[in-house]
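Encoded as C-alpha cells, the structure appears first; notes follow it.
Values in this text are rule-based calculations from the coordinates and carry no lab data. Computed from a prediction, not measured in an experiment: that's the story for all the values here. Note that we place each Cβ from the backbone using ideal geometry, even for glycine, and neighbour counts take in every protein chain shown.
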Amino acid sequence: MSADTNRGLVLIVEDERAISDLLRLYLSREGFGVHVAEDGQSALVAARSMHPSAIVLDVGLPILDGTEVCRQLRAEGNWVPILFCTARDDEVDRVLGLELGADDYITKPFSPREVVARVKSVVRRASLIAPDEAPLVLGPVQVDLVTRRVTVDGDPVALTATEFDLLAHLMEHPGRVYTREHLLSEVWGYAAVVGTRTVDVHVAQVRGKLGDASPIRTVRGVGYSAEAPDAP
Ligand code: CA
C-alpha cells in the first residue's frame, strides 16, 4: 500500500469487479487505503482483522448478504461506519429496517464521486465522537453518539444516518436556533448539491418517527431548534 494512504482504510465489499475497481481508483486518489472483499464471509474476516475506517457494503453479495454482514459486526460491538450500496428499492427497505441507525446508503447506479463524498462524511462523523461521550437526552428522547442509537422512553427508533446527525446536532445545544443553511453545511457537509428544502424534508421525517416525543421546534422565519418538553 502506498505512503499517501493516510486517511485510513476503506473496506469495499462488492462482487462486481467493474464497480470495485472504479471505487478503488477514486478512493485511493483521495488518500484512502483500499481493500476489496468479494463476498460477505471474507468481508467479515477483513473487517475484524483490518480495522477499516469505513466499509462500503454492497447488499447483494454471495455467501452472506450485506445486511447480515452489518448485523454480525454490530452484534460483536463493531460500530465501524457503514455506507450501504443498494441496487433496488426492496434492498433500501431492508437496510432501513435494520434499526441500526448507524448507516448511510446510496443507490446504484451511483457516481464514484458521490461515494467518495459519503465515505468522507461518515468517517468525519465517526472521528468527531469520543468513545466515552455521554448520550444526549431531552425528555423521553435519548441519542447515543457512540452507538448511534436513538430511543424514546427506552424503545429504539430507526433513523437514517442523516436523520440521526440532524437530531444530534440540534440536541447538542438545546434551545439554540439553527438556520437551514447552517444545518446543511454542518450535517450534510457535502451540501452544495442539495437545497435548504432538504432540511425541511428530513426534519419532517424525524418528527414522523419520534412522534409526540420529537424535541424539534420550528422557529418561524429562522430555522429549527431542539427543546425539552414543557415542564408540567
Ligand atoms: Ca452485488
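Okay, here's what the table says:
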{"quantity": "In sequence order, calculated HN-Hα J values of segment 72-87 (Karplus, 6.51, -1.76, 1.60; Hz; x Gly/Pro)", "calculated": "5, 4, 5, 4, 8, x, 8, 10, 3, x, 10, 9, 7, 10, 10, 9"}
{"quantity": "Rounded to whole Hz, the Karplus (6.51, -1.76, 1.60) HN-Hα couplings of segment 14-28, x for glycine and proline", "calculated": "7, 8, 9, 4, 4, 6, 5, 4, 5, 5, 4, 4, 5, 6, 6"}
{"quantity": "Spacing of the two label points (7 Å from each Cα toward its C-beta) at ARG88 and GLU76, in nm", "calculated": "2.9 nm"}
{"quantity": "Approximate spin-label separation ASP155-VAL137, in nm, with each point projected 7 Å along Cα-to-Cβ", "calculated": "2.0 nm"}
{"quantity": "Modelled FRET efficiency - R0 30 Å, ASP15 with VAL146, Cβ distances, 0.05 increments", "calculated": "0.45"}
{"quantity": "When the convex hull of its Cα atoms is projected in every direction, mean area for the chain (nm²)", "calculated": "13.2 nm²"}
{"quantity": "Potential lengthening between ARG29 and GLN41 on full extension [0.36 nm per residue; Cα-Cα distance subtracted]", "calculated": "1.6 nm"}
{"quantity": "Rounded Å value of the spacing that divides the Cα centres of segment 118-162 and segment 37-83", "calculated": "20 Å"}
{"quantity": "Anisotropy class of segment 111-232 from Cα gyration tensor, a/c 1.5 cut", "calculated": "oblate"}
{"quantity": "Per-residue [θ]222 nm for the chain (sum of -39500 (n - 2.57) over DSSP H runs n ≥ 4, rounded to 500)", "calculated": "-11500 deg cm²/dmol"}
{"quantity": "Angle in degrees between helix 40-50 and the longest Cα principal axis of the chain, rounded to the nearest 10", "calculated": "80 degrees"}
{"quantity": "Shape call, segment 111-160: gyration tensor on alpha carbons, a/c limit 1.5", "calculated": "oblate"}
{"quantity": "Cut-off under 5 Å, modelled amide H: who pairs with VAL34 long-range", "calculated": "VAL10"}
{"quantity": "Overall form of segment 9-125 per C-alpha gyration tensor (a/c, 1.5; a/b vs b/c)", "calculated": "rounded"}
{"quantity": "Cleavage-rule hits (GluC sites (Glu not before Pro)) in segment 105-189: DSSP loop, at most 12 neighbouring Cβ within 10 angstrom", "calculated": "GLU133"}
{"quantity": "Neighbour-count ranking [beta-carbon atoms within 10 angstrom, fewest first] of VAL92, VAL143, VAL219, VAL116", "calculated": "VAL219, VAL92, VAL116, VAL143"}
